[in-house]
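First the structure, in the form of structure tokens, and then the observations on it.
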Amino acid sequence: MSVKHFTTLLLSFFSLANVSFSQVNPRNDNFLEKKIETLAENTSEDVDYTNIFENLAFLQEHPLDLNSATSEQLEQLMMLTDFQIANLIRHRERFGKLLSVFELQAVEGYDLSLIYQMLPYIKVDRELNRLNISLKDMMRYATQEIFFRVSQNIEQQKGFSSISPEALESNPNARYLGSQQRLFTRYRYKYGNYFSAGFTAEKDAGEEFFKGSQKQGFDFMTGHLAIQNIGKLKSLNIGDYQAQFGQGLTFWSGFAFGKTADAMNVKRSAQGLKPYTSVNENLFLRGIATTWRFGKIEATVFGSNKKINTNAATIDSVSQDLQAFSNFNLSGFHRTPAELLDRGNIRESIAGTHLAYKKRSFQIGFTGVHYQYSAPLSRSDAPYNAFEFKGRQATNLGVDYNWIYRNFNFFGEFARSANGGLASTNGVIASLDPRLSFTFLYRNFARNYQTIYGATISEGARNINEKGAYIGIVAKPMKYVTVSAYFDRWQFPWLKYLVDAPAGGYDGLIQVNYTPSKTVDMYFRYRDRIRSRNISSDDDLDIDYPIGQHQQNYRFDVSYKISPSFKLRNRVEFVSFNQPNHATENGYVILQDIVYKPLSKPVTFSFRYALFDTDGYNSRVYAYESDVLYSFSIPAYYFKGTRTYLTVQYDLTRKIDIWFRYAQFYYTNRDSTGSGLTEVQGHRRSDFRVQMRLKF
């Protein structure tokens, strides 16, 4: 990578930012992008964020009334701490209804920057009229949406290229069975916070459609019916749903944020039972679940029975029935005969309960869950599997708590698995001053603790075999400046996959935000991480041993509005990756975004042009990209080239929206990209997406 080239591009970047800023009403709705972008840097999984975005999209069209919102509804904003929620409710009880959204400035813990961030999703209703639930109202005031979406890679992947019948017969997995298109459709009926029903269906690229292995059409379908907040009935879910309790140590289905640039974001806010509307084929439950309120007591029972994808370990030679499986298959792809063998080959049954005692400042809950599989899980004899769950049945029990005492919020959870393994996570968030907050979290997951559905804060992908301590602060030393920082130190007491010895590491981040006006937001971020991974020895013993891989990221990001309709964003990010006895890998990305959102015209668009140059995959950089509604793109930028995309939304009528997206990577130092059946020949790798939404 040329230093002169990098310097020239850096100067060009800052010259683009040298513009005059006009004062307009802000709409700071990119806070979720920042969280997800940080998450993508920690995982290579294709995560579906539909449920999170869907809730905020609904609130944009049906803002939350601050004069009647419950603490659980305020938690759905994902912007407020327990302190801020408790202070708002206390303010309402003491002074009565709010007269304006900006009266929040009189509530401890709220400032203008937070209020502007909340604006798209909140309102103040001084009349406090409550809808009567009747069939007439449910027809008149309900919202209904139908989505249709088609996506496709433009360049032909190897899996879709032609092949001779003889070659395919000798290797049936050499090509995909289905077409190149990825298809998606969804219907959703929703009546406020009381009633929801709908279905979602998806076919991945390469999967068959209404033929062969997929005669029913879509490869994956999910549906739900949910009733909420009717008298003592808090929730009733039939079909597909999610269940989230405590801090996610005992049981948590669905997505949860990990460590982000918001250093205070380490406490889980469990939503209990929720309808499932995403297309991730693993993180959901299928059956029936209900929660009832009896004063300060909440009782939840849930049951699930569904087929899951697993990797076969033993198959009966006569009946071809699966007698054991070696692991859970989380890919969700069924494009080849080999992948189809893993589809729905095991039945998973789950039964559980959650009992909670809830007061405003104190909550305590008990969770119990039992798993049953139609065949035993039989893992390999690798040393890192020595304490992993094996067999047909598993049970987890846990106790969680949440206590607000003055300016301190204590929270945590203790859990035990059926084999006697113990785990705990405990933390505190302290509001030491309106300008200073502090958090500390300690976790200890025994090497023999076993969990299947869990999502508490941790470094590992699952909440097992880990000890760690996290400390974070958020400070506002000056009027326009916010500093957020954390340091997380962890240790793996036992071996892990690709880590053939007890090992540890750390993760530190500091971010300084500067918001000098309503139209300008900029931040600088530095992140420093060391993780352990196996490396082969240089001698003839062929022994793998873990070493520390050191990664540093530097980012400067500035976004500003040059008019009520146009918003610009510039970013430069540099990454350095180093491991012993290897050359340091460096990389950078420079990008320019143009966002056009007029107040009255039916067309909006988002455009990006980016330059990137990295020495390899280890020095990759992630960047969140604008996409069509309920679709997500957070690609890794690596090798050398350019990245462009254009996302356009057109409101054909008040009830019909159309989206179009085109995106392309152009590589200047590669003749092909991808591997295996996803390999594409040439310098380009591009795709398009078209979506239509009908609203009723």
Q) Only one of these conditions is not met by V680: (1) modelled with pLDDT of 95 or more; (2) under 25 Å from R569 (Cα atoms); (3) hydrophobic (A, V, I, L, M, F, W, C). Which number is it? A) (2)
Q) If Y371 passes every condition in (1) out of contact with any Leu (no Cβ under 9 Å at 6 or more places or on another chain); (2) farther than 18 Å from G303 by Cβ; (3) of a type in the set (S, T, Y) but one, which one does it miss? A) (2)
Q. Which pairs have Cβ atoms under 7 Å, sit 6 or more apart or on different chains, and link a residue in the stretch 69-96 that is in the same structural domain as L56 (by TED's automatic domain parsing) and surrounded by 20 or more Cβ atoms within 10 Å (Cβ to Cβ) to one that is in a helix (DSSP H, G or I) and of a type in the set (V, I, T)?
A. L74/I85
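For (1) surrounded by fewer than 19 Cβ atoms within 10 Å (Cβ to Cβ); (2) over 30 Å from K158 (Cβ atoms); (3) at pLDDT 95 or above, each residue gets a yes or a no:
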residue: S317; (1), (2), (3): yes, yes, no
residue: H334; (1), (2), (3): no, no, yes
residue: L341; (1), (2), (3): yes, no, no
residue: T353; (1), (2), (3): yes, yes, yes
residue: R360; (1), (2), (3): yes, yes, no
residue: I364; (1), (2), (3): yes, yes, yes
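Residues checked against (1) under 22 Å from V648 (Cα atoms); (2) under 28 Å from the mean Cα position of the chain (by Cα):
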site: Y560; (1), (2): yes, yes
site: I590; (1), (2): no, yes
site: L599; (1), (2): yes, no
site: G616; (1), (2): no, yes
site: V628; (1), (2): yes, yes
**Q.** Those residues of the stretch 579-624 which are aliphatic (A, V, I, L, M), surrounded by fewer than 20 Cβ atoms within 10 Å (Cβ to Cβ) and in a loop (DSSP other than H, G, I, E, B), in sequence order
**A.** A583, L599
Q | In the stretch 247-292, the residues that are under 18 Å from D400 (Cβ atoms), hydroxyl-bearing (S, T, Y) and assigned to a loop (DSSP other than H, G, I, E, B) | A | T250, S253, S269
Q: Name the one entry in N409, N426, N419 that is touching a strand residue (DSSP E or B) at 6+ places or on another chain (Cβ under 8 Å) and over 30 Å from M478 (Cβ atoms).
A: N426
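Residues to consider are D627, D657, D651; find the one that is closer than 22 Å to V690 by Cα and assigned to a loop (DSSP other than H, G, I, E, B).
None of the others qualify; the one that does is D627.
Being in contact with a His (Cβ under 7 Å, 6 or more places away or on another chain) and in a loop (DSSP other than H, G, I, E, B): is that true of E155 here? Even if it seems obvious, please write down each step before you answer.
Working: in contact with a His (Cβ under 7 Å, 6 or more places away or on another chain): no; in a loop (DSSP other than H, G, I, E, B): yes.
Answer is no for this residue.
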Q: Would you please list the contacts, defined by Cβ atoms under 6 Å and residues six or more apart or on different chains, that run from a residue in the stretch 423-440 that is of a type in the set (D, E, K, R) to a residue that is in a strand (DSSP E or B)?
A: R435/K476
**Q.** Selected residue (only one of V520, V483 is closer than 20 Å to N553 by Cα and either touching a Cys at 6+ places or on another chain (Cβ under 7 Å) or buried (at least 16 other Cβ atoms within 10 Å of the Cβ) (or both))
**A.** V483
Q: Select from the stretch 630-649 the residues that are polar (S, T, N, Q) and over 22 Å from the mean Cα position of the chain (by Cα) and write down the one among them that is farthest from S672 (Cα to Cα).
A: Q649
(Q) Here are the criteria: (1) more than 26 Å from G368 (Cα to Cα); (2) crowded, with 22+ Cβ neighbours inside 10 Å. Tell me which single one F218 does not satisfy. (A) (2)
Q | Qualifying residues in the stretch 374-407 (those that are over 28 Å from the mean Cα position of the chain (by Cα) and aromatic (F, W, Y)) - the one nearest to A270 (Cα to Cα) | A | Y405
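Going through G508, G587, G548 one at a time, which residue ends up being small (G, A, S), out of contact with any His (no Cβ under 9 Å at 6 or more places or on another chain) and within 24 Å of T644 (Cβ to Cβ)?
Answer to the selection: G587.
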Q: Pick out, from the stretch 479-578, the strands (runs of 3 or more DSSP E) lying fully within it that include 3 or more residues that are acidic (D, E).
A: none
(Q) Exactly one condition in (1) more than 30 Å from Q157 (Cα to Cα); (2) out of contact with any strand residue (DSSP E or B) (no Cβ under 8 Å at 6 or more places or on another chain); (3) of a type in the set (A, V, I, L, M, F, W, C) is false for V266; which is it? (A) (2)
Q: Would you point out which residue out of V279, V266 is under 25 Å from G198 (Cα atoms) and among the β-branched types (V, I, T)?
A: V279
Q) Which of (1) within 27 Å of the chain's Cα centre (by Cα); (2) of a type in the set (S, T, Y); (3) closer than 30 Å to K158 by Cα is the odd one out, the single condition Y371 does not satisfy? A) (3)
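When only residues in the stretch 392-406 that are at pLDDT below 95 and not hydroxyl-bearing (S, T, Y) count, which is surrounded by the most Cβ atoms within 10 Å (Cβ to Cβ)?
Once the filter is applied, the top-ranked residue is I404.
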Q. Within the stretch 73-99, can you find the residues that are in a loop (DSSP other than H, G, I, E, B) and within 17 Å of N409 (Cα to Cα)?
A. M78, M79, L80, T81
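The values are calculated or read from the model by the stated rules, or taken from the named source; none is laboratory data. Predicted model, so just to flag it, every value in this text is computed and none were measured. Backbone-built Cβ (ideal geometry, glycine too); neighbour counts: all protein chains shown.
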